[in-house]
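Undergrad: Sharing a structure here in C-alpha coordinates format.
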Amino acid sequence: MFLDFYKLREQPFRVTPNPRYLYFSPGHREALASLFYGSKRDEDFCRCSRRAGMGKTTLLYQLLQRWKGYVHSAFFFRRMCDSRELIRLSAGRLRS
(Lines give C-alpha, C1' and ligand atoms only; values in the text may rest on other atoms or scores of the structure.)
Protein backbone atom coordinates (compact mmCIF):
# COMPACT_ATOMS: atom_id res chain seq x y z
CA MET A 1 0.00 0.00 0.00
CA PHE A 2 2.71 2.51 1.01
CA LEU A 3 4.96 1.55 -1.90
CA ASP A 4 2.42 2.27 -4.63
CA PHE A 5 0.73 5.28 -3.06
CA TYR A 6 3.92 7.14 -2.08
CA LYS A 7 6.05 5.65 -4.87
CA LEU A 8 8.58 4.23 -2.40
CA ARG A 9 11.32 1.76 -3.30
CA GLU A 10 11.14 -0.26 -0.09
CA GLN A 11 8.84 -0.86 2.86
CA PRO A 12 9.10 2.06 5.31
CA PHE A 13 7.95 0.15 8.39
CA ARG A 14 9.56 -3.13 9.36
CA VAL A 15 9.76 -5.18 12.54
CA THR A 16 13.54 -4.71 12.71
CA PRO A 17 14.70 -1.07 12.69
CA ASN A 18 16.89 0.01 9.80
CA PRO A 19 19.81 2.20 10.94
CA ARG A 20 19.88 3.88 7.51
CA TYR A 21 16.73 5.75 8.51
CA LEU A 22 17.95 6.99 11.86
CA TYR A 23 17.35 10.69 12.34
CA PHE A 24 20.37 12.02 14.20
CA SER A 25 18.86 14.58 16.52
CA PRO A 26 21.26 16.18 19.02
CA GLY A 27 20.04 13.67 21.62
CA HIS A 28 20.69 10.71 19.32
CA ARG A 29 24.18 12.00 18.56
CA GLU A 30 24.93 12.37 22.25
CA ALA A 31 23.62 8.89 23.04
CA LEU A 32 25.68 7.29 20.27
CA ALA A 33 28.78 9.21 21.37
CA SER A 34 28.22 8.02 24.96
CA LEU A 35 27.99 4.41 23.79
CA PHE A 36 31.20 4.80 21.79
CA TYR A 37 32.92 6.46 24.73
CA GLY A 38 31.81 3.72 27.10
CA SER A 39 33.12 1.05 24.76
CA LYS A 40 36.49 2.78 24.36
CA ARG A 41 36.89 2.90 28.14
CA ASP A 42 36.26 -0.85 28.36
CA GLU A 43 33.12 -0.37 30.41
CA ASP A 44 31.48 -3.65 31.35
CA PHE A 45 27.98 -2.37 30.62
CA CYS A 46 26.58 0.68 28.88
CA ARG A 47 22.96 1.61 29.39
CA CYS A 48 20.72 3.57 27.09
CA SER A 49 17.20 4.02 28.42
CA ARG A 50 14.26 6.04 27.10
CA ARG A 51 10.58 5.56 26.37
CA ALA A 52 9.43 3.16 23.67
CA GLY A 53 9.80 4.48 20.13
CA MET A 54 12.62 6.93 20.84
CA GLY A 55 15.21 5.11 18.68
CA LYS A 56 17.23 3.08 21.19
CA THR A 57 17.22 -0.13 19.17
CA THR A 58 17.97 1.75 15.96
CA LEU A 59 20.94 3.40 17.71
CA LEU A 60 22.21 -0.01 18.77
CA TYR A 61 21.90 -1.31 15.23
CA GLN A 62 23.84 1.74 14.03
CA LEU A 63 26.55 1.02 16.59
CA LEU A 64 26.76 -2.65 15.64
CA GLN A 65 26.88 -1.78 11.96
CA ARG A 66 29.94 0.38 12.61
CA TRP A 67 31.54 -2.42 14.65
CA LYS A 68 30.73 -5.18 12.16
CA GLY A 69 33.48 -7.79 12.18
CA TYR A 70 35.01 -6.45 15.43
CA VAL A 71 32.52 -7.49 18.12
CA HIS A 72 30.20 -10.29 19.08
CA SER A 73 26.86 -9.13 20.40
CA ALA A 74 23.60 -10.37 21.84
CA PHE A 75 20.29 -8.61 22.41
CA PHE A 76 18.16 -9.36 25.44
CA PHE A 77 14.63 -8.09 25.05
CA ARG A 78 13.33 -9.39 28.37
CA ARG A 79 12.83 -6.39 30.58
CA MET A 80 12.06 -8.14 33.80
CA CYS A 81 14.75 -10.55 34.93
CA ASP A 82 16.93 -10.73 37.97
CA SER A 83 20.73 -10.71 37.96
CA ARG A 84 20.99 -14.51 38.00
CA GLU A 85 18.73 -14.84 35.00
CA LEU A 86 20.72 -12.18 33.14
CA ILE A 87 23.96 -14.11 33.77
CA ARG A 88 22.28 -17.36 32.70
CA LEU A 89 20.98 -15.76 29.50
CA SER A 90 24.40 -14.20 28.80
CA ALA A 91 26.24 -17.48 29.32
CA GLY A 92 23.81 -19.23 27.00
CA ARG A 93 24.41 -16.65 24.27
CA LEU A 94 28.18 -16.89 24.65
CA ARG A 95 28.13 -20.63 24.01
CA SER A 96 26.24 -20.37 20.71
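Undergrad: Whenever you get a sec, compute what percent of the accessible area on region 1-40 sits on carbon and sulfur atoms (1.4 Å probe). List each step's numbers first, then the result.
TA: Working: 2140 of 3580 Å².
That share works out to 60 percent.
Undergrad: Same structure, new question: What accessible area per residue, rounded to a whole number of Å², is obtained for region 1-40 using a probe radius of 1.4 Å?
TA: For region 1-40, the solvent-accessible area averages 90 Å² per residue.
The values are calculated or read from the model by the stated rules, or taken from the named source; none is laboratory data. Note that this is a predicted model, so its numbers are computed, not measured. For the accessible areas, the whole protein counts, side chains as well, though only heavy atoms, and no ligand, DNA or RNA atoms are used. Shrake-Rupley method; radii C 1.70, N 1.55, O 1.52, S 1.80 Å.
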